[in-house]
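Visitor: Structure provided below as structure tokens; questions to follow.
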């Protein structure tokens, strides 16, 4: 539980500012669980929550001299942690967007490549078939109607009785899933070949 008396907290902050590790440990144990619950509420991720909590307390220790001017440690701690959380989430969002863009580009390039060996091309198509079979039903239907029958989003939406935006989302998610599956399994196939050649 948070410290009850502001005087006691002020004394504790002064001790931490002076480098007292035991006092810092007391602060940590007092606020750790409450902060962890708050950060998990924001992120819904146990690993990210643990990283942010650790980083926040580390930052407070590194800049502990600033505690001499802090009048409300809980507010100070949660502000630091909240800012760190939002920065982390923005960074993760950028990474996801970049990975998705790369996955879509990779899929298009592989489909259109004229330089692939016939064996590689057959392996690639087989991996795509396997990946499509593992898609959720609606994603699978939308993808097949788009890629195999060449239907436009509006036509697919009419057949599946979905909105055009939902169809677009299904196809986009399907492409990402297929690209991820192909990359992962193609890498495994290549590793098997290289291992065989090394032992030959």
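We did not get these values from a lab; they are worked out from the coordinates using the rules stated. Source: prediction; values computed, not measured.
Visitor: Along the principal axes of its C-alpha atoms, what lengths does region 122-168 span, in descending order and rounded to whole Å?
Guide: 34, 20, 14
Visitor: Compute the normalised compactness of region 6-93: alpha-carbon radius of gyration over 2.2 N^0.38 Å, N being the residue count.
Guide: The reported ratio for this selection is 1.09.
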